[in-house]
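Worksheet: the structure to be examined is printed underneath.
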Amino acid sequence: MSFGRLSIRARITLGSIAVAALLLLVALIVVRAQVATILSAADATLAQSDLASFEQDITANPDEPVDDPGTGVLVYVKSPGGAVEVNTLPHDIIDVVGDRPATDEQFAFTDDEGRTFLIVGRSLDTTAGTWALWSARSTSSSELALRGLDGVLVVGGIALLVGFAVASWLLATAALRPVTAMRKQAEQLEPDDQLPVPPTRDELADLATTLNRFLGQVQAASVREKQMVSDAAHELRTPLAALKTQLELAHRDEGDAAALARQLRSAEASVERLASLASNLLELSRLESHESSAVSGAAALIDEFTGSVDRARTLAIGRTVAVDFDVRVDDEGARYRIDSQAFGRLTDNLFSNALNALPPGGAISAALSQEGGALVLTVADDGPGMPDDFLAVAFERFTRPDASRTTSTGGSGLGLALVDALAREAGGTAALENTRPGLRVTVTLPKM
Amino acid sequence: MPNPNVVVVIEDDVDIRSLLTAILEPAGFVVHTAVDGSSGVDTVRRTDPAVTTLDVSMPGLDGFETARRIRQFSDTRILMVSARVDATEERLAREAGADDYLTKPFAFAEFSARIRALVRRDSAGAKSTLRIGGIVLDAASVRATANGTTLPLSSKEFALLWTLGARAGEPLSRTEILQEVWGTSQFIDPQVVDQYVSYLRRKLEPLDTGVSIVTVRGVGYRIEVAP
C-alpha cells in the first residue's frame, strides 16, 4: 500500500515520526561526540597531572633521586644518562615508549588484551640534559561511561519517539475530528439542506461555505427543473384534453361529414399546439444546458425567417390574416451567435403569438434588417396589444395576459420566454412595445 | 438513372411507416418500405429509388450509418427524418450523405413537398437560374433580383414565381400549382394559392419588371411578360 493511500491521520503521524527521528538522531550524535571529547580531554589532563609532580621534583631537586609514584599511577621516567628512574608501566607500553626519544606528545595505544591507554609524553630539559617522562591512563572508565550514555540515549530516544508518535496521532485525530463530523452531517443531509458552517474562521468553515454555495446552485437547478417539468406536464394536459374531446366528438359526428371535418380541424389545431409546445420545451431545455454554441450566417437566418413566414401564412389561411414581410440585409455573410433552426422557432413563436392575438382581417408585418451589423427582427401586428402591466412579465415562463383565459389565446406561455432566452443566449435583446393599435416585438442580435 | 417514381421508406416505427406510404402512394409514387437500416440498404440496392427517406434513430444500424452505406453504391436522394431539433445532427446527416433533413412532427404537405423537390432536383438538375422579364431567380441560393436589386421572397413565393415563370404565358391550374409548390393538392386549402398570388402581386406591382400575374377565370393563373 502506498503512502498516498493511507488515511490523513496516519500520514500526519508517519511524517511527524520521520522528522522527529531525524532530528533526534542528529541531536544524539552531537551529544555523544561532545561527551566523548570531554571524556578524552579529562583523561589527557589526568595523565599530564601525573607527570607534573615528577617534572617539579626533577627541576627543584636535580641531585636527589626521583620520588616513587603513588599507587596505581602508571609512569616511566628516564634520566638524560639513560637510566630508568621510575617505571610502573605495563610491559606492552614500555615496549612502545622505552626507546622513544623524549617529545611532548600524546597518543592512544591498545595492548594485546584489548585495553586502551592514553599515553602522554614530556621532554624536560635540565642542566644535566633531557629527561624523558611518560605516563599512561587507562581509558576504560571513559569508554564505560560512553557506553552507558549510549544506552541512555537510545532508550530515551525511542521513548521520545513513541511519545511523539502518540502525541501526533492524538493531535491529528483532534484536528480532523471536525472534518469527520462534517462528513457525517453531509451523509445525513436532506436534499434541501445545507451543511452547518462551523463558527470558527478556519479552512473548514471556508470549505463548508464553498460546498454550500455549490449545493445551493444544484438545488436551485433542481427546483427549476421540477417546476419546469410540472409546468410542462400541466401545459400538455390542456391540448391533450382538448384533443381527446375533439376526437370523441369526431366519433359522434361520423355520419355528418361537415361536422366531422370541423372536429378534425380543431384536433389538428390541438396537435399543432402540442407540437409547438414540445419544440419550445426542447429548445428551452437545450438553452438551459448551454450546450448550443451554434453560429449562423445571415443568409441562413433569412431562409429561416422566410420559411417561418410561409408557415405563418399556412396557419393564417382560414383566418384571413395577411402576413407581409420585408428583408433588408446587405451583408449576408455576417455571423450571429444563434442556431438557424432556433431562430426559426423564435420567429415561429412571434408569428404564432400575433396570429393568436389577431381577429379576422388583421395584418402582421415582419421585417428582418441590419442596423450597424446587428440583425434586427421586428414582428408587428394591428391587434389589441398587451395589457401594460403584463409587458413587464411577458418574457417569464408560463405567464399569460390573463391567467383565467388560458385556452382562449392558445398560447402556452412559453413562446415569449423562449424568444427572450434565445435572444439573450445570442448576446442580444428582445423587447415588447404596445403601438396602439397592436404590438411590436423587436429582437436584436449583435454581429459576432 | 434511378427510377423517378420509386421511393424507399426506411423507418422502424410501424405507424410512421404506414403514414408515409399513405402520403406517397396517392401522389403517384411506388413505395418500398424497410424496417431497419440493413434491410433498407438491400431494398435501395434492389429497387434503385429516386428518393430514400431514412429515420435517424433506429435499432441496429442508425440513420447516419445507413446513409453512408447507401452512398457507397447509390445516388438516390436521401431525406433524413428525425425527432430531434438539432443543428449538429443535421450537419452529421449531411456529412453522412443526406440531401435534406426534416424534423418530426411535420405536416404531410411539408413532407410531400420535400420529396417532390428532391425528385425535381434529380430531373431538372442543370437549370439553376430563370429570367422572367426584369426578374432573375437563382435556384441554388433561392434568391431573386428585380432589375438588379434584391427582391426578398419567401421560399414558397420563390417556388410559385419559378413555376409560373418557367411556363410563362401558359395558364396553370391551382391543382398544378399546389402539386408543384406545396408538393400536394390533398392536404391543403387551395385558397393558399390565391393568397400567395396576391402577396406576389403586391411585391411586383411597385417594381417596373414587366412581369404581371394574370387570373385566368375558371382555370388558374398565368404570368405575362411585357415585351
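The values are calculated or read from the model by the stated rules, or taken from the named source; none is laboratory data. A quick note: this is a predicted structure, and the numbers were derived from the prediction, not measured. Cβ placement follows ideal geometry from the backbone for every residue including glycine, while neighbour counts extend to all protein chains displayed.
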Go through the residues of the range A:250-261 one by one and say whether even a single one is under 55 Å from the mean Cα position of the chain (by Cα) and either more than 9 Å from chain B (Cβ to nearest Cβ) or of a type outside the set (A, V, I, L, M, F, W, C) (or both). no
Looking at the structure I just gave you, is residue A:390 crowded, with 17+ Cβ neighbours inside 10 Å and either closer than 20 Å to residue A:419 by Cβ or within 13 Å of chain B (Cβ to nearest Cβ) (or both)? no
Among (1) in contact with a Phe, Trp or Tyr (Cβ under 9 Å, 6 or more places away or on another chain); (2) modelled with pLDDT of 90 or more; (3) closer than 27 Å to residue A:286 by Cα; (4) not β-branched (Val, Ile, Thr), there is one condition residue A:431 misses while meeting the rest; what is its number? (1)
Considering the range A:281-299 alone, what residues qualify as being more than 10 Å from chain B (Cβ to nearest Cβ), more than 38 Å from the chain's Cα centre (by Cα) and in a helix (DSSP H, G or I)? A:298
Which pairs have Cβ atoms under 6 Å, sit 6 or more apart or on different chains, and link a residue in the range A:28-43 that is touching a residue at least 12 places away in the same chain (Cβ under 8 Å) and surrounded by 16 or more Cβ atoms within 10 Å (Cβ to Cβ) to one that is among the β-branched types (Val, Ile, Thr) and not in a helix (DSSP H, G or I)? A:43/A:139
Quick check: anything in the range A:86-93 in contact with a helix residue (DSSP H, G or I) (Cβ under 8 Å, 6 or more places away or on another chain), surrounded by 15 or more Cβ atoms within 10 Å (Cβ to Cβ), under 18 Å from residue A:42 (Cα atoms) and not acidic (Asp, Glu)? no
Look through A:325, A:351 and report the one residue that is in contact with a helix residue (DSSP H, G or I) (Cβ under 8 Å, 6 or more places away or on another chain), at the interface with chain B (Cβ under 8 Å from one of its Cβ atoms) and either crowded, with 21+ Cβ neighbours inside 10 Å or not in a strand (DSSP E or B) (or both). A:325
From the options A:235, A:225, A:254, residue that is of a type in the set (Asp, Glu) and assigned to a loop (DSSP other than H, G, I, E, B): A:254
Hey, which of the helices (runs of 4 or more DSSP H) in the range B:1-80, taking only ones fully inside, have at least 1 residues that are under 19 Å from residue B:93 (Cα atoms)? B:37-47, B:63-71
Can you name the number of the only condition in (1) facing chain B (nearest Cβ under 8 Å); (2) closer than 20 Å to residue A:375 by Cβ that residue A:318 fails? (2)
For residues that are among the aliphatic types (A, V, I, L, M) and surrounded by 12 or more Cβ atoms within 10 Å (Cβ to Cβ), scanning just the range A:230-247, find the one that is nearest to residue A:415 (Cα to Cα). A:232
Residue under evaluation residue B:109, criteria (1) within 14 Å of chain A (Cβ to nearest Cβ); (2) assigned to a strand (DSSP E or B), criterion not met: (2)
Strands (runs of 3 or more DSSP E) (entirely within the range B:132-227) containing at least 1 residues that are within 14 Å of chain A (Cβ to nearest Cβ): B:135-138, B:143-146, B:149-151
Suppose we filter A:55, A:113, A:85 for residues that are more than 30 Å from residue A:31 (Cβ to Cβ), of a type in the set (D, E, K, R) and in a loop (DSSP other than H, G, I, E, B); which single one remains? A:113
